[in-house]
Amino acid sequence: MSDISGNKFFESVLEAAFGKSITVRSTAFQSGGCINNALKLHTADRDYFIKWQTGIPGDMFQKEADGLALLANAGSLKIPEVYAYGKLDGKHYLLMEYIEGSSPNRNYWEYFGSSLAELHLNNTNANYGLDHDNFIGKLPQSNEAHGNWIHFFIHSRLEYQLDLAIKNRMVSSDFIDRYRQLYTLLPDLLPTEKPALIHGDLWSGNVMVGNDGNVCLIDPAVYYGHREIELAFTQMFGGFAGAFYKAYNEAYPLVPGFDERVDIYNIYPHMVHVNLFGQSYLSGVERVLRRYL
């Protein structure tokens, strides 16, 4: 954990956010993802969630706050409120509403599936991408606008991560050649749909049960993309019940054959994991390349 002396740093953050002195009575460790420090701050009035880090891009937490705001404004799913972000004493921080976890409601998965479908159905854009780049984990995520999903998927997702892997010497020349050969097949393998606002990093670690027993989403990497890539990512590590997919498909039916396309979409998160955590994740990409080439 980054060096923090007592509660002075946290109280300074609270004072900067709310313009008054707030005493932190106690703290408790929380999960901050793979790269951040995080605590629950207990005060007389309420609890807060704060995460902080040094040595990260200066706009990382701002982009996260922007993504949370986009999802919150859509109104389909519970998103924690952001109170402040900034830099203090050399530490970047993000101060948010603390979500007290609870047990899921009886219809938790059905509500989650239908609410995600509502998000995708009712929030669209002229192009795929976003009006700014952001991050997935600690990696930059390009959101350059494209009017064509296949072009966006290739240039801003697959090729962008391949370039990082090449720079980091994670892939061989043979892998690079075969990876790029797949691009020519994608127009015949992937359907097209209108862009949909997606969370962008939807795995079970970014899903919470809120204090009302319903879903709450955190740590987004938002953009307007093909909704199938969102559903595919939920299958990469598992943890989503069948009722979730059934409710989603009833509310916003998927194009037939989606299950056959899941592995193609998940090349992107696999390559993100290659660049974050190492070459062991290349096996997931190799499986897709062997299947189609």
Spatial separation of Cα centroids for segment 127-198 and segment 207-227, in angstrom: 22
For the chain, built as a Gaussian network whose Cα springs stay under 10 Å, the top-fluctuating residue of Ile35, Ile218, Ile154: Ile35
Cα shape, segment 222-293, gyration tensor, a/c 1.5 rule: prolate
Distance violations [Cα-Cα > 18 Å] among Lys63/Lys87; Lys63/Lys194; Lys51/Lys87; Lys78/Lys194: Lys63/Lys194; Lys78/Lys194
Counted charge near Gln235, where neighbours are those whose Cβ lies closer than 10 Å (Asp, Glu -1; Lys, Arg +1): -2
Set of lysines near Lys20 by C-alpha distance (under 17 Å), chain-local residues within fewer than 8 positions excluded: Lys8
13 Å beta-carbon shell around Ile79, net charge (K/R +1, D/E -1): -4
Other-chain or far-sequence residues with amide H under 5 Å of Tyr223's (modelled H): Ile198
Charge dipole (debye, nearest 20) of segment 39-79; +1 at Cβ of Lys and Arg, -1 at Cβ of Asp and Glu: 140
Inter-label distance for Leu139 and Lys8, nm, one decimal - labels placed 7 Å from Cα along Cα-to-Cβ: 3.9
Three-way shape label, segment 139-293, alpha-carbon gyration tensor, a/c 1.5: prolate
Per-residue HN-Hα couplings for segment 65-70 [Karplus 6.51, -1.76, 1.60; θ = phi - 60°; Hz; x = Gly/Pro]: 4, 4, x, 4, 5, 4
Counting all C-alpha pairs of the chain, share separated by more than 29 Å (%): 38
Amide H within-cut-off set for Tyr85, under 5 Å, with H built and near neighbours excluded: Leu95
Protein accessible area in the chain, 1.4 Å probe - carbon and sulfur %: 46
The chain - share of DSSP beta bridges that are antiparallel (%, nearest 5): 95
5 angstrom amide H check on Phe135, placed H, neighbours 5+ away: Gln141
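Is the shape of segment 156-203 rounded, prolate or oblate, going by the alpha carbon gyration tensor and its root eigenvalues a ≥ b ≥ c, with a/c under 1.5 for rounded and a/b larger than b/c for prolate? Could you put the intermediate results ahead of the total?
Values: a/c = 3.26, a/b = 1.44, b/c = 2.26.
In terms of gyration-tensor shape, oblate.
The values are calculated or read from the model by the stated rules, or taken from the named source; none is laboratory data. Quantities reported herein were computed from a predicted structural model and do not represent experimental measurements. Here Cβ is always computed from backbone atoms with ideal geometry, including for glycine, and neighbour counts include all displayed protein chains. With ligands, DNA and RNA removed, areas are computed over all heavy atoms of the protein, side chains included. Shrake-Rupley method; radii C 1.70, N 1.55, O 1.52, S 1.80 Å.
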